[in-house]
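Input: a single structure, listed below in structure tokens.
The values are calculated or read from the model by the stated rules, or taken from the named source; none is laboratory data. Since this is a predicted model, take the numbers as computed values, not measurements. Note that each Cβ is placed from the backbone with ideal geometry, even for glycine, and that neighbours are counted across all protein chains shown. Just the protein is used for accessible areas: all its heavy atoms, side chains included, with ligands, DNA and RNA removed. Shrake-Rupley method; radii C 1.70, N 1.55, O 1.52, S 1.80 Å.
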Amino acid sequence: MKKTIQALEKAQITIGIIFLCTFFFVIVLQIVTRQLGISIIWTEEAANYSFIWAVFMGAAVMVNRREHFNFDFLQQKLKGKKRIFLSLFNDSVLIIFNVCIFLLGLQVVNEFWNYTWSTLPEMKMGYVWIAIPIMAGTMLVYTLSHMVQHVQHLKAKEVHE
Amino acid sequence: NDELEEEEDGTLKIIAAHNQTSPDNPYQAGLLKFKEVVEEESDGAIEVEVHAGTIGTEEDELVEKLQLGAADVVVVSPGFMTQTGIREVDLFSAPYLFNDYEHWLRTVDGEVGEEMAQIINEKSDNSFKLLGYWSAGTRHYYGKQPVESTEDMRGLSFRTQTSGVVSDFWTEVGAIPSGISWGELYQGLQQDVVDSSENAYPFFVQQSHHTTPNGQYISETAHDYTTRFLLINGERFDNLDENQQQIVSEAAEASVETEREVTLEQDEEYKQQAIEEGAEVNEVNREPFIEIAQPILDDFAEEIEVEEMLEKIRALAEE
Amino acid sequence: MGFLLLILFLVLMFIGVPIAFVIGIVALIGILTIPYTPEATVAMTMVNGLDSFVLIAVPLFILAANLMNSGKISEKLIDFALAIVGPIRGGLAHANVLVSMMFAGVSGASQADTAGVGKILIPSMERKGYDKETSVGVTAASSTVGVIIPPSIPMIIFAGLTNASVGALFLGGIIPGILIGLGMMILIYVIAVKRNYPKDKRVEMKKLFTLFLDAFPALLTPVIIIGGIISGFFTATEAAAVASIYTAIVCMFYYKTLKMKDFPKILFDTLALSSLSLFALAAASALGELMSYYQLGATAQAFFENNIGSQWLFILIIIAFFLFVGTFMDAIPAMILFVPIILPTALEFGMDPVHLGLIVIMTLAIGLITPPYGLCLLLAAKIGNMSIERSFVAVVPYIAIVLIVLLFVAFLPDMAFYIPELISPSLF
Ligand code: NA
Ligand code: NA
């Protein structure tokens, strides 16, 4: 399982960085073409949407690395099993939230799939909206794997006692 | 989630929204009229909550909310409707489609208007139902020099849409369409980033564009008698009983009347303000512009498959 | 209902749920309680909240700062700053402040400054006999100017929220930023004399000039960024991209401190840091949506009009409020949530949006060094290996300096507006 999670994370980082580079170069293109007196109309929209993708992919990876900022004073106070139970509880909160966002995200994708970009009518808005369920889905996977780890720790502790 | 929600005391609630934050905007007047009539006719059984920009200052956001059911009644322009996959509506944003305000009225209040309403309803799977046609005024050129003929536009950088039929038209005239966001336009005109722009009086005078060096000459090109759609979520409308539907339709009619009236008043009012504050206004012979527009309109109508509708609109010009 | 949501917010925060998710959960449950809004609105507004061109400036300025740190530009700036202020008593601490001001001219955020400068200066200050309080306190506190001296990510966000001019905000931040720096240096001098901190030998003019030349390309960055924006050559977002390219070129080809193989890590760090704050922003957008259904803006306006008659009292309330919010929230989500609510009232009181922006941003800058959630304080404490409590006590005197300058800006705005009006009167 660990390997799968690592592979998933690696893929997601790669996608995030590709989108980051995309909006960077699109903006450079926008500056250059404007100075040359050519106007490319889709740059702003393309930059915005790849930016959204990059942020959501990055945010999911940060869930796996537990980098989202939280206050840990209660966690610091607790020891042993109690601490693991608190972690399990907090992870469950994340799981409920991510399940909701995943389902609501699918609903949104479904509603707006056929909407089009305003500057590139060939492009569907669905390609943008789908970033939401993908983010929530991967956050869900990462959090579940954290819970499995917590349970393993808990079992190890019980064996010890 | 297709029904209007009942509050605890049994009243129904309609969320109505437009994207303008200014309280003396014609949209606000229109929606307040809608609210007044609905609440009066229903004896308070239906409540209308009006949002002036609070749940979205972008029109695409409002359209999305309408589809999702997060708003029940919204005001949007044709350009944003096209993004929902209904391309036909874009015809109403084409330049020089209408000869004058009366021509616009005959179109939207007649057979063509009904046909368009049907297209919107069918193509959106009843997500959107048209309640009425509003106006956002008549759009004119304003820039660093007065425009009297098409020649005067040649080589001017011009803030307008940078894609689609609007952009095609101005490019053909000889201007260089350039995309600057509305919020940055005042500075752009002030600091010579762009030579000229176009809009209806209330919008650019409120932003003081006419006081900038590149906005002080206003030429009444009247290239767009603008259309705005007052839409309701179709499924929610269908779930009202007959009497309630009647009330909503009546209120919509009243709102159409009020909104158009206020728009016309403000068009005149802000034109006077611009003149008082030193802007120069000149009339333009529109014929040469119309001539350039015709073949572009033909191509555009073919592209979005509304040739018949275009012919009908042209026929209405003769009356 | 609002009260229950607040309780939920505090409880989830206390038990250690990540704060971005706390915001999102409260938004979701809040929308659940409004019968006439579908829950999918939450998912929708998370995307819509990010769908704004100005926000792209966030990762781009973070990228520029990461490039500077990887390319060791911070070191050049430190050497140059040390040559100038080193001979004053407490030289290293003065240099710490001065280099933060220089760094601020390139970077739009503060964390990169704390990290980049702190890693070098905190250890060397300790070696030279400065106590921990001073080294950690000065490092954390001086990096607040990062968001006050332009360019500034919070200023770009504020401009996007209110249609205030980015150029005017940028120029308006220069004088307050410099005053904060000078104020801190005066405070440091007093402490340094009392504790007899060391000073460096005076540097020869020739050496100083060499160091200046070495730092010059880096010092040129603010001129390019601000000049480009003011002259209409590019927008604030584009300026961030230009800053990144410029920094990358300077580091790769002039200093030769940056190699192609460094880029994957720089890009990952940029993605990581920016997605953390922008995900919080997306969640905050959903919560902001909830507030707009409650029409909190109109409520706040009515409240202030009926209860608070004067502008100065209103300003004091804003400062107190954002000081409080800044203790547990980033500047960006805090602005997304609350600026739309106070803006109508501020305009009603006749305040210029640029003035409001400077007040809000300076107040939230203090939030960077107040616990429990003060990123610069946490970073500096970690580098200096000191507890958060002790570190906070160490920054308190410097917070006082920022507060004094803040009050100046709040009540004598002419001071802050002097530069923008001089350079670009049309902005007002
Ligand atoms: Na800065
Ligand atoms: Na510093």
(request) Identify, by number, the condition in (1) in contact (Cβ under 8 Å) with a residue 40 or more places away in the chain; (2) charged (D, E, K, R); (3) not in a strand (DSSP E or B) that B:Glu47 doesn't meet. (result) (3)
(message) Looking at C:Gly129 and the list (1) over 20 Å from C:Ser387 (Cα atoms); (2) open to solvent by 10 Å² or more (accessible area, probe 1.4 Å); (3) not in a helix (DSSP H, G or I), which single condition is not satisfied?
(response) (1)
(request) Please determine, by comparing only the residues of the stretch C:221-251 that are among the hydrophobic types (A, V, I, L, M, F, W, C) and without any contact (Cβ under 8 Å) to a residue 12 or more places away in the chain, which one is surrounded by the fewest Cβ atoms within 10 Å (Cβ to Cβ). (result) C:Val223
(request) Go through the stretch C:135-161 and give me each residue that's under 21 Å from C:Asp79 (Cβ atoms), assigned to a helix (DSSP H, G or I) and either open to solvent by 10 Å² or more (accessible area, probe 1.4 Å) or within 13 Å of ligand 1 (Cβ to nearest atom) (or both). (result) C:Ser142, C:Ser143, C:Val145, C:Gly146
(request) Within the stretch C:162-182, track down each residue that is more than 13 Å from ligand 1 (Cβ to nearest atom) and within 14 Å of another protein chain (Cβ to nearest Cβ). (result) C:Thr162, C:Asn163, C:Ala164, C:Ser165, C:Gly167, C:Ala168
(message) If a residue must be away from chain A (no Cβ under 14 Å), within 27 Å of C:Asp330 (Cα to Cα) and either among the charged types (D, E, K, R) or within 13 Å of ligand 2 (Cβ to nearest atom) (or both), how many such residues does the stretch C:94-112 contain?
(response) 12
(request) Check whether at least one residue in the stretch C:407-426 is open to solvent by less than 40 Å² (accessible area, probe 1.4 Å), of a type in the set (Val, Ile, Thr) and either over 30 Å from C:Ala115 (Cβ atoms) or not in a helix (DSSP H, G or I) (or both), and report yes or no. (result) no
(message) If C:Ala81 meets every condition in (1) within 12 Å of ligand 2 (Cβ to nearest atom); (2) within 27 Å of C:Ile157 (Cα to Cα) apart from one, which number is that one?
(response) (2)
(request) Determine which member of the set C:Gly49, C:Gly71 is more than 16 Å from ligand 1 (Cβ to nearest atom), open to solvent by less than 10 Å² (accessible area, probe 1.4 Å) and under 24 Å from the mean Cα position of the chain (by Cα). (result) C:Gly71
(request) Report the residue count in the stretch C:379-406 for those that are in a helix (DSSP H, G or I), more than 21 Å from C:Ile317 (Cα to Cα) and open to solvent by less than 40 Å² (accessible area, probe 1.4 Å). (result) 7
(request) Answer yes if at least one residue in the stretch C:222-244 is in contact with a Gly (Cβ under 8 Å, 6 or more places away or on another chain), within 15 Å of ligand 1 (Cβ to nearest atom) and not in a helix (DSSP H, G or I), and no otherwise. (result) no
(message) Is it the case, given these coordinates, that C:Thr299 is away from chain A (no Cβ under 14 Å), β-branched (Val, Ile, Thr) and open to solvent by 40 Å² or more (accessible area, probe 1.4 Å)?
(response) yes
(request) Identify all residues within the stretch A:97-106 that are within 8 Å of another protein chain (Cβ to nearest Cβ) and farther than 30 Å from A:Ile41 by Cα; write none if there are none. (result) A:Phe97, A:Cys100, A:Ile101, A:Leu104
(message) Looking at B:Ser163, B:Ser167, can you tell me which residue is at pLDDT below 95, open to solvent by 20 Å² or more (accessible area, probe 1.4 Å) and among the polar types (S, T, N, Q)?
(response) B:Ser163
(message) Being within 18 Å of the chain's Cα centre (by Cα) and more than 10 Å from ligand 2 (Cβ to nearest atom) is the filter here; which residues of the stretch C:113-135 pass it?
(response) C:Ala115
(message) Return the residues of the stretch C:184-208 that are open to solvent by less than 60 Å² (accessible area, probe 1.4 Å) and assigned to a helix (DSSP H, G or I); say none if nothing qualifies.
(response) C:Met184, C:Met185, C:Leu187, C:Ile188, C:Ile191, C:Ala192, C:Leu208
(request) Please find, among B:Leu310, B:Leu297, B:Leu316, the residue that is more than 22 Å from B:Glu122 (Cα to Cα) and open to solvent by less than 20 Å² (accessible area, probe 1.4 Å). (result) B:Leu297
(message) Would you confirm whether or not the stretch B:133-145 contains a residue that is open to solvent by 20 Å² or more (accessible area, probe 1.4 Å) and in a loop (DSSP other than H, G, I, E, B)?
(response) yes
(message) For the stretch C:332-353: of the residues being open to solvent by 10 Å² or more (accessible area, probe 1.4 Å) and in contact (Cβ under 8 Å) with a residue 60 or more places away in the chain, which is farthest from C:Ser52 (Cα to Cα)?
(response) C:Asp352
(request) With respect to C:Leu375, determine if the residue is open to solvent by less than 20 Å² (accessible area, probe 1.4 Å) and either more than 30 Å from C:Phe14 (Cβ to Cβ) or away from chain B (no Cβ under 14 Å) (or both). (result) no
(message) Can you say whether C:Leu98 is closer than 22 Å to C:Glu204 by Cα and open to solvent by 10 Å² or more (accessible area, probe 1.4 Å), as far as the supplied structure shows?
(response) yes
(request) Output the residues belonging to the stretch A:1-41 that are of a type outside the set (S, T, N, Q), open to solvent by 80 Å² or more (accessible area, probe 1.4 Å) and farther than 24 Å from C:Ala280 by Cα. (result) A:Met1, A:Lys2, A:Lys3, A:Phe25, A:Arg34, A:Leu36, A:Ile38
(message) Anything in the stretch B:50-93 that is open to solvent by less than 30 Å² (accessible area, probe 1.4 Å) and in a loop (DSSP other than H, G, I, E, B)? List them, or say none.
(response) B:Gly53, B:Ile55, B:Gly56, B:Gly69, B:Ala70, B:Ala71, B:Asp72, B:Ser77, B:Gln83, B:Thr84, B:Ile86
